[in-house]
Amino acid sequence: MEKDRSTIFAPASGAGPAGVAVIRVSGPASGAALRRLCRCEPPPRRLTRVQVSDPVSGDVLDDGLAAWFPAPASFTGEDVVELHIHGGRAVLAAVLDALGGCPGLALAEPGAFTRRAFENGKLDLTAAEGLADLVAAETEAQRSQALRQMQGELGRLYEDWRQRLVENLAHLEAAIDFSDEDLPGDLVGRVREAVGKLSEEIGGHLADGHRGERLRDGFHIAILGPPNVGKSSLLNRLARRDAAIVAETAGTTRDVIEVHLDLGGYPVILADTAGLRDSEDLVEAEGVRRAARRGRESDLRLVVLDAAVWPEVDPPTREMVDAEAVVVVNKIDLREPEPPLKFEGRSVHSVSALTGRGLDGLVERLASTVAERFAGGGAPVLTRARHRQALETCRDALDRYLRAKADELAAEDLRLAVRALGRITGRVDVEDLLDVIFRDFCIGK
Ligand code: GDP
């Protein structure tokens, strides 16, 4: 891979006026740009007070701080400058403009700094993805998962598996290339055993119920039920804002409306759906179809019934009540005194979206259900479909190896498995490692 030798710059802080804005510059021309704009070279890694001036007119643009990180001890591994200036739009525009006028500097593409950090071996692909997730994290659990990934938890796990596999591949190749007398006893048997164990470990990691991926994307709860039972009102209450249209006429919520909630630190996507009923209206019928699909695809169904017409339940609504569904009877304010309600022998949540009664209990129940579904041991979890696909490819190759008869062909499957693991972290230098290990192995003999 040809290394990009250009120097890039971009605001590293968010858009809009703020107390402070940070501009990052990375590449070989960073130091020259710093000297041009600040007319000084601060000591390395010490935040230093500077005046930022326009190099052409000499006008002072701002009074701020600069940090100088000479390569390789920087985020990208290149020479890096950080300018901490005031976060006003005009200040930012003027300083960016001045940087743009420096020889060899160009505005960075999205993700360019992290890409350079990866190319310079500062982080692997899983850590880069963790960093992106950390910046996007909206809830406490997302933050914690992303931070662990950025700090290399997943990368270390996959790299450890890859190393073990490379070692076993080297041993297998040795067994193929050398006669039995030159090698320790039953080398092939030992490789087989180690690969079997690894395949099991990967299988266990894959069978995690998609916890980590769901934590990134959000846990989907669908609100389902007949028209006019108060689904939109309930969503609004739960979201504490007016996200869905609440109307007196039946069948107004024709599409799926979503709100994002933070339930006990876990990200939840709560969707209000069209009322489930048979309809002649084409648009409404489509809404009903979407509602049913949404209900089937969601992680949890919240089925809402109407206390006023209790205990009538239409077949399309009844179908949505599976073992895990949470059954809610709304408009309990219309049935005073509140009767003891059960739905097919199970307890229900009696609430009133109008008065707010019973909603705290419902929120608690939802939060504990979500927490339960996310719960797991402390082991690192899969966070992306990209990793899952590579791990599945890896495990399939390992299983083919375990079933194969001839070692020569089986070695190719192990090679494929190593490559699949390498793709997750971005380490694809299989041959180099093999050479080293193979050489050591032979010398050690
Ligand atoms: P949806 O079609 O299921 O989404 O139902 P809506 O949320 O649009 O509500 C239908 C009607 O029921 C509206 O007039 C609401 O004001 C009313 N409603 C909703 N929840 C309650 C409740 O808890 N008690 C009473 N009395 N009326 C409610």
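The values are calculated or read from the model by the stated rules, or taken from the named source; none is laboratory data. Since the model is a prediction, treat every value here as computed from it, not as a measurement. All Cβ positions, even for glycine, are placed from backbone atoms using ideal geometry, and neighbour counts span all protein chains on display. Side chains included, ligands, DNA and RNA excluded: accessible areas come from the protein's heavy atoms. Shrake-Rupley method; radii C 1.70, N 1.55, O 1.52, S 1.80 Å.
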- Item | Reference-scaled alpha-carbon Rg (2.2 N^0.38 Å with N residues) for the chain | 1.33
- Query: Of the lysine pairs in the chain, how many meet both conditions: Cα atoms under 22 Å apart, and a spacing of 8 or more in sequence or different chains?
  - Reply: 5
- Rank these by accessible area, largest first, 1.4 Å probe: T393, T383. T393, T383
- Query: Where in the chain are the DSSP H helices whose C-alpha atoms run 18 Å or more along the long axis and whose mean Kyte hydropathy is at least 0.0?
  - Reply: 187-206, 359-374, 407-425, 430-444
- Please list S30, S13 in order of solvent-accessible area, largest first, computed with a 1.4 Å probe with all protein chains present. S13, S30
- Query: Based on the Kirkwood radius over alpha-carbon pairs, what value in µm²/s does the Stokes-Einstein equation return for the translational diffusion coefficient of the range 218-374 at 20 °C and 1.002 mPa s?
  - Reply: 139 µm²/s
- Query: Comparing D262, D281, D124, which has the greatest mean-square fluctuation in the GNM of the chain with Cα pairs linked when under 10 Å apart?
  - Reply: D281
- Message: Please report the carbon-and-sulfur percent of the accessible area for the range 7-120; probe 1.4 Å, protein heavy atoms only, DNA, RNA and ligands left out.
- Response: 56 percent
- Item | Hydrodynamic radius by Kirkwood, which averages 1/r over all alpha carbon pairs of the range 7-120, in angstrom | 13.8 Å
- Please get the size of the charge dipole for the range 218-374, origin at its Cα centre, with Cβ charges of +1 on Lys and Arg and -1 on Asp and Glu, quoted in debye to the nearest 20. 260 debye
- Item | Average accessible surface area per residue within the chain, 1.4 Å rolling probe, Å² | 50 Å²
- In the range 279-326, the trypsin sites (Lys or Arg not before Pro) that sit in a DSSP loop and have at most 10 other Cβ atoms within 10 Å of their own Cβ are none
- Query: Distance from the Cα centre of the range 65-124 to that of the range 326-363, in angstrom?
  - Reply: 56 Å
